[in-house]
Each structure stands twice: as C-alpha cells, then as structure tokens.
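> Mind having a look at this structure? Questions to follow.
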Amino acid sequence: MGRRRSNRSNRHFGNLRRIKPAVMEQLPSSWGRYPASRARSVVDAAWTSDVPSRVDAPLLAYGLGRSYGDVCLNDGGDVVRMHRCDRVLSFDRELGIIRAEAGLSIADLLRICVPHGWFVPVTPGTRYVTLGGAVANDVHGKNHHRVGTFGCHVRCLELRRTDGSVHLCSLTDNANLFSATIAGMGLTGVITWVEIQLLPIASRIVIQESVKAKSLHDLIEQTDASDADWDYTVSWIDVMSRGSSLGRGLVLRGRFQDMADGTLGKPWKGPILSVPIEAPSWLLSKPTISLFNTVWYNRQLGRLKRTELDAEPFFYPLDAVGSWNLLYGRRGMLQYQCVIPADDGERVMRRILEEMQRGGVSSFLAVLKKFGPLVSPGLMSFPRPGLTLTLDMPISGKPMFEALHRCDELVHSVGGRVYSAKDSRVRGSMFRAMYADEIARFLPHIDPGMSSSFWRRIMNDGKDIA
Amino acid sequence: MNPSSIVIIGATSGIAQGVARHYAQRGWNIYLVARNTDALAAIQSDLLARGAMKVESMAADLRDVSRHDEVVKGAQQFSETIGVVLIAHGILRNQLEIDYDADEMLQVWNVNATSSISLLHRFGVAMETQRSGTIAIISSVAGDRGRRSLYTYGSTKAAVSHFVAGMRGRYKPLGINVLDIKPGPVDTPMMTGRTLMLGATVETVAKDIVAAIDKRKGVLYTPWFWRVIMRIVRMIPEPIFLKIKF
C-alpha cells in the first residue's frame, strides 16, 4: 500500500472519493480495447445519490464497458462507474414489470426474473451489460424483427443531470428528454434507474434450428423465410468465402419452448472459461481466421440441424469465454456494424463484403440480421428497417481503416448508417451526415456537463476537452 | 417449515450486501442493521425482489454501544431462532492517514474492535439457549501480523480474531459455530482509492462466506490463497520483516 493523502470522508459509508489515476488498476476501457484512454478521475458510485451533481470537467457514466468503441470512454474527463448501483427497486411478478438501478446487469436480472417465467424483452449478444448501458445504446437483439429495440420496452427511467436536477422520464413525462436519453449515449445525464416490461416465457429452453445457406442470396432468402415463423433469427457469414459462394453461412433461428411437464426447466450451469492474458497478435490473423471460418461452415453437414438448448448458451455463446477480447492481442479489435435499407440490401452487402476482402480485412465473426419495422422511441437509435451486418476484426494498419471508410461512404450513399456503440473510427463529418436530422434534434437535450470521447470525436473532429 | 433467518450487522457494506443476496435467493428471512435509513430501504426492496421471504431493518449507529442490547432484542423479535448472525461493519484507515490524530485512530478501534466485540458477546449470550446457529464476523488478513502501514486497522482485526477464537471454544459444545472471516482486499466501497493487490470481487468473497457458514468452518481465508500467503508472512523472521516496507 503506497503513501496517500489522508482522506476521512469514508467515515460515512458509500461516500464518494476520487481515485488517483495511478491507483486505478482497471482504467475504464472499452471492449475493443481501442482507442487507449485515461480518465482524469474515476468515481465508483455505491448508491445512486453518489452521482456527482456538480462537475468541473465533462462527466460520463460507465457500466460494464462492453461497448466496443469509445462511446463509453471519456479521455481526460471524469467517469462515474455505476456497476455497484445494481439494486432492484421493485419487481411485479404478476405483470412482469421490474424497476432497478441502472448498474444491474442483464446476467443478474435473468437470475432474478427467469425463475418466475420472465425474460428480458431484448438482449444483446452478451449478458454482461447494465440496464443503463442497454438504454443509452438502445441495444437490439435476435428478435428485433418482432419486438424492436430495448428502448421499446422501457416504461420509465430516472435521469440525474449535472445541474443537480432529477427527471422522471417516460413517453408521457418529459417525453422529449426520454426520447433523447434512449440511444442518447449517456450524454443527456446519468441514468439512475430504469423500469422495463419483461417478456413472459413458458420455459428456459429454446428450440434452435440452423439452416445452411450456400450464398448471400440464399442466406437472405432463408432469413426472410425464418423471420416469418421464428421469434429469434440471426445469421453467421463465412467472410472468407468468395465468388459464387460469397456470403455463404448459417441461418440460426430459435424460439422458447413449452416444457412437457409444465416447468421452466433447470437452471443452467455451463462451464465458464476465461482468457487469462493478452494473446499474441498472430493468434487471430488472416490464416487462423480463414481456417476457423471454413471449419465452422463445414461443421454442419446437412441443410438443417435442430437442437434444444438452454436460453443462456443460445443467447450468449460468447459469454462462455470470459474476456475473449484479449484474444485479439495488444492492438485490440473493432467491430463494424451498419444497416442498409431493405431495397438495396443484398447488392450493397455484397459490395461491402468485397470491399472488406479487397482491404485485406479478415473478420473472425460476421453476423447478418434483418431489422423489423418497429420504431424505437430513441431519437439517436441506430436500427432502421433493413439488413444489418456486423464484423469483428483485429485492428491492423491503414488499409483496414481505409476500407472501412469506403464502406461508410457506400452505406451513407444508400441512406444507411453505422452504430455508435460499436464505433471507434468513423469520421465525424460522415457520422454527422448519417444522423443529420437526429443530431439537430438531439443537441438541445445534451447535459452541458457531460461528454464522451466518442462525442468529441464526432462533433469536434477529435479536438480535446477545451 | 419456516425459513431460517439471518441477521446482518453493517448491512450496507459491500460484502454484507453480497452475502445477503445469497440468502435472499434461498428465501430466508433477513434482518438488517446499519446507520443509513435510505440505503437500508434500497437494500430491503432489492432483497425482497431477489426472493427473500421477509426483510426488516433497524437504523442504528453501531459505534453507540449503549444501543447494542436494542439491536439484539430487535433481532430476537424478528425471529425467535437466529440461523446466522453476520457482523460486517468496519472502517479502513492506513496508518499514515491517522498517525497524527489519536482520536481518529481510536475511532477505528471503536468501530472495528469495541463495537464488534460488544455485539459478538451479546449475540453469543442471546443465542446460548437456542443451541444452534452461526455467529460470523468479518475480520481481515491484516490481523495476522502487524505491518507498519496498517497496524491500527490490523490490530483491531487481530483483537476480533483473538476474541472469536475463544468464543468458538466456548460455544462449540452448545451447537453454535463461530466463524472468523479473513478476506484479502475486496473491490468494495471501503477500498475505493486504494491499491487492490490480489483484489477479489464481492461475488467471490460472498460465495466463500456462504459456503463456510454452510460447512460450519471455524476460520475462512478468502480467496483461499490468502491462507498460504499469510502463513508465509507470519513465518518471516522479525529482522527481515522490519525491513519490508508494506
């Protein structure tokens, strides 16, 4: 233990103290571990009343750091970590309405609600996100074509702004602030609690079917067919495939199943492995990624494979490996996610995949999904009806970034856009063009005491805190 | 059968909240004692949502030893038989923070040692007739040897461990287990702004505590490797130990 200045404020439990950067072992970082960032100070809120109400540097709330890029970072600013504010304020087991502090993770939420026959209405591919983060990024899941985004299921929330004011927001109270806060990237204030409507489930068992598709055209057709009958759909694409088999992959579809005995099923206890250290960068390089994709595609021999599994491995296959982001080594990784309006979908998708290959971008995991027509209340919400493509890739050199900029232009030219929660590199001017109308309406709702690395990059083209 | 009950003293502390959630999931009755009323209310609703059968709380400043009888009485009114008592309140000060303030130094003693020992004793006597249950208290690995940077805090924990070791012998024949919990640094509000060398999460420590209570262990080091580390630390010869700056 080093020598530190006397600090007596912790005589009162839960009081707030500044962490000196040198003491912090876990500097808040994003899941992609790129770009590097260092907050001026980090504060852990043990109670929602600990959220600072007066600031002298831009503030940002931080949950579990599962955003890929810099929406969750505040380089040079102050960060308030919310993960300890994870108490449930009320849970109506009859109606499936739960109100909880913003730091509650979906993992914890499921432990509480699944035994009573309720599930999160919308979940991203990891359960290690907080409710606050799910709202601020208006996350979506495999059932977007049925139920829209997470924000569509938020009944109300509480927002604490840096002027000390507290606002209850819903579709009827402070409706404009509510709409700016959902997908508001944490810029409208600190979300202290959220109330959501849960989804009733008959059991925790999911029926999953996997359909093999030989080409992009086949894959999109299978997706359309599956969306009609299945609650959850998503497709995995072999990014290394070329020519006529470009865009081949597996369409996964699932739905909750009724148990014959009328029970919910036993709690799932799967093994959880963890990546202990940063991997060398060759581990996920072009040859290994290529090999993985081919093996994965050929693992399934027939056209259709049907399995029954627990909801947790169905929704969160990657959570089985803790800190898998370390597999990408020191340079980190990034994820590219865009949405293309439906009419142009297949043509533009093909061009994006080709552009990636030309730029030498090797993606370990590529995922395709069709967004449905339900509109989120969130002003800055990313999903639009159409196809969305998501690619994970290790950070490599300039050609990769240039290929992604060319993709941005392609996406923008057909009226598409990229997702802020995944981004760490889009040009400010490009993002502002993609969200031009939304940004104009969003700006008046931003809390002047709050900011993020992402937002400064977008609005000031990267200029630092003044 | 009625669900069992647990009494948690210092219920707003990080580790206490972690342990309370385990018992909530088991559907137990939970009695909370701490100073901050708002915080108690938040924890109460959380534990009910997580499955606790019944949760009640008492607001009390535990430094005030004259209120301790009231705490014990409140717990007994809440539940005739007490399954588990967990004493979890405490404050942490590095020696340098209190070196020039004897009053502040004694404050650490009041909270960590005097008030804990008073509660341990009173609960022991109160539970004597029920001939079952567990009395658990959170001390620290810091109590295993006096170090220059932390000897006030360390000695309060040593006092508690010593007291509890004796109590264990007295109460064992009566069917009451007395558990001494010795965590290393844990990522809780108490540790904010301090180095978390080999730090553990609240979840890990809480799980270990619940398992130790179930198995009726006497002393728990959590995480487990602290047992090994502290055995080595205790074996370091004094002349060498005096030269180590930690």
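> With unit charges on the beta carbon (Lys/Arg positive, Asp/Glu negative), name the residue among B:TYR100, B:PHE225, B:THR81 whose Cα is farthest towards the positive pole of the charge dipole of chain B.
B:PHE225
> Same structure, new question: Note down the nm distance, to one decimal, between modelled labels 7 Å out along Cα→Cβ at A:ASN176 and at A:ASP343.
It is 3.3 nm.
> Related question: Would you work out which of A:GLY360, A:MET380, A:TRP268 lies farthest towards the positive end of the dipole of chain A, given +1 charges on the beta-carbon of Lys and Arg and -1 on that of Asp and Glu, about the Cα centre?
Comparing the listed Cα positions along the dipole, A:GLY360 ranks first.
> Still on this structure, I have one more. Counting each DSSP H run of 4 or more residues in chain A as -39500 (n - 2.57), what helix-only mean residue ellipticity at 222 nm follows after dividing by all residues, to the nearest 500 deg cm²/dmol? Intermediate results must be reported in sequence, preceding the final value.
On the way: 12 runs with 109 residues, N = 466.
Calculated at 222 nm, the ellipticity per residue is -6500 deg cm²/dmol.
> Determine which lysines satisfy two conditions relative to A:LYS214: a Cα distance under 16 Å, and not lying fewer than 8 residues away in the same chain.
A:LYS305
> About its Cα centre, how strong a charge dipole does segment A:311-466 have in debye, to the nearest 20, once Lys and Arg get +1 and Asp and Glu get -1 at the Cβ? Don't jump to the answer; show the numbers that get you there.
Working: 20 positive and 17 negative charges, 66 e Å.
Charge dipole, segment A:311-466, about its Cα centre: 320 debye, nearest 20.
> From the Cα gyration tensor of segment A:29-135, with a ≥ b ≥ c the square roots of its eigenvalues, which class applies: rounded if a/c is under 1.5, or else prolate if a/b is larger than b/c, or else oblate? Working shown, then result.
Values: a/c = 3.32, a/b = 1.67, b/c = 1.99.
Since a/c reaches 1.5 but b/c is at least a/b, the shape of segment A:29-135 is classed as oblate.
> Using a Förster distance of 51 angstrom, determine the FRET efficiency expected from the C-beta separation of A:TRP296 and B:LYS243, and round it to 0.05.
On the way: r = 57 Å, r/R0 = 1.12.
E(calc), rounded to 0.05, equals 0.35.
> Same structure, new question: Step by step: find N for segment A:205-425, compute 2.2 N^0.38 Å, then divide the Cα radius of gyration by it. What's the final number? Show your work: numbers first, answer last.
Details: Rg = 18.0 Å, N = 221, 2.2 N^0.38 = 17.1 Å.
Scaled against compact globular proteins, the figure is 1.05.
> Averaging sequence separations of C-alpha pairs under 8 Å and six or more residues apart, then dividing by the length of chain B, give the relative contact order as a whole percent.
Numbers: 442 pairs, mean separation 44.0, N = 246.
Once divided by the residue count of chain B, the mean separation gives 18 percent.
> On full extension of the chain, what length is gained from A:SER285 through A:ASP92, given 0.36 nm per residue of separation minus the C-alpha to C-alpha distance? Mind showing how you got there, number by number?
Working: separation 193, 0.36 × 193 = 69.48 nm, distance 4.88 nm.
Residue separation times 0.36 nm, minus the Cα-Cα distance, leaves 64.6 nm.
> Would you work out if segment B:195-246 is rounded, prolate or oblate? Take a ≥ b ≥ c from the square roots of the eigenvalues of the alpha-carbon gyration tensor; rounded if a/c is under 1.5, else prolate when a/b is larger than b/c, oblate otherwise.
oblate
> How many angstrom lie between the C-alpha centres of segment A:69-119 and segment A:286-314?
What the calculation gives is 31 Å, centre to centre.
> List every residue whose amide H lies under 5 Å from the amide H of A:THR192, counting only residues 5 or more places away in sequence or on a different chain, with H placed 1.01 Å from N in the peptide plane.
Counting only residues 5 or more places away or on other chains, the set is A:GLU158, A:LEU159, A:ARG160.
> For segment B:1-134, give the share of DSSP beta bridges that are antiparallel, in percent and rounded to the nearest 5; count only bridges with both residues there. List each step's numbers first, then the result.
On the way: 0 of 16 bridges.
Approximately 0 percent, going by the DSSP bridge assignments.
> Moving to a separate point now. As a test of understanding, state the convex hull volume per residue of segment B:5-241 from its alpha carbons, in Å³.
Working: hull volume 28.8 nm³, N = 237.
Spread over its residues, the Cα hull of segment B:5-241 gives 121 Å³ apiece.
> For segment B:112-180 and segment A:188-227, compute the distance between their C-alpha centroids and round to whole Å.
52 Å
> On a straight-distance basis, which aspartates and glutamates could pair with B:LYS73 in a cross-link, Cα separation under 16 angstrom, same-chain partners fewer than 8 positions away excluded?
B:GLU56, B:ASP61, B:ASP64, B:GLU128
> Say the cut-off is 28 Å between C-alpha atoms; which of A:LYS212/A:LYS286; A:LYS266/B:LYS215; B:LYS215/B:LYS243; A:LYS422/B:LYS207; A:LYS142/B:LYS207; A:LYS142/A:LYS398 go over it?
B:LYS215/B:LYS243; A:LYS422/B:LYS207; A:LYS142/B:LYS207; A:LYS142/A:LYS398
> Now, a different point. Along segment A:219-229, what does the Karplus equation 6.51 cos²θ - 1.76 cosθ + 1.60 (θ = phi - 60°) give for ³J(HN,Hα), rounded to whole Hz, x for Gly and Pro?
3J(HN,Hα) across segment A:219-229, in whole Hz: 4, 5, 4, 5, 4, 4, 5, 5, 4, 5, 10.
> Okay, next question. According to the square roots a ≥ b ≥ c of the eigenvalues of the Cα gyration tensor, what is the shape class of segment A:184-225, taking rounded for a/c under 1.5, prolate for a/b larger than b/c otherwise, and oblate for the remainder? Don't skip to the answer; put the middle values down first.
Details: a/c = 4.57, a/b = 1.72, b/c = 2.65.
Oblate.
> Ok, one more. All other residues with a Cβ under 12 Å from the Cβ of A:LEU326 taken together, and with Lys, Arg as +1 and Asp, Glu as -1, what is their net charge? Don't jump to the answer; show the numbers that get you there.
Values: positive: A:ARG33, A:ARG330, A:ARG331; negative: A:GLU278.
Every neighbour counted, the sum reads +2.
> Still on this structure: Give the residue list of GluC sites (Glu not before Pro) in segment A:20-118 that are DSSP loop and have at most 14 other beta-carbon atoms within 10 angstrom.
Numbers: sites: A:GLU25, A:GLU94, A:GLU101; in loops: A:GLU25, A:GLU94.
For GluC sites (Glu not before Pro) across segment A:20-118 that sit outside H, G, I, E and B with at most 14 neighbouring Cβ atoms in 10 Å, the list reads A:GLU25, A:GLU94.
> Return the percentage of antiparallel bridges among DSSP beta bridges fully within the protein assembly as shown, rounded to the nearest 5 %.
Numbers: 66 of 106 bridges.
In the protein assembly as shown, DSSP labels about 60 percent of beta bridges as antiparallel.
> Work out how much length B:MET235 to B:ALA60 would gain on full extension: take 0.36 nm times their residue separation and subtract the Cα-Cα distance, in nm to one decimal.
Details: separation 175, 0.36 × 175 = 63.00 nm, distance 4.08 nm.
Value of the extension gain: 58.9 nm.
> Here's a follow-up. Between segment B:1-71 and segment B:196-231, what is the separation of their alpha carbon centroids in Å?
Cα centroid of segment B:1-71 versus Cα centroid of segment B:196-231: 21 Å apart.
> How far apart, in nm, are the 7 Å Cα→Cβ label points at B:THR129 and A:ARG331?
Each label point lies 7 Å from its Cα, and together they span 7.5 nm.
> With runs of 4+ DSSP H residues as the only contributors, calculate the mean residue ellipticity of chain B at 222 nm using -39,500 (n - 2.57) per run, divided by the residue total and rounded to the nearest 500. Each step should come with its number before you reach the end.
Numbers: 10 runs with 110 residues, N = 246.
Here the helix-only value at 222 nm equals -13500 deg cm²/dmol.
> Let me ask something else about it. Mind checking which lysines have their C-alpha under 20 Å from B:LYS157, skipping anything on the same chain fewer than 8 residues away?
Within the straight-line cut-off, B:LYS157 pairs with B:LYS182, B:LYS217.
Here, each number is a calculation from the coordinates, and none is a lab measurement. From a predicted model like this one, the values you see are computed outputs, not experimental measurements. Cβ coordinates were reconstructed from backbone atoms using ideal geometry, including for glycine residues, and neighbour counts include every protein chain displayed.
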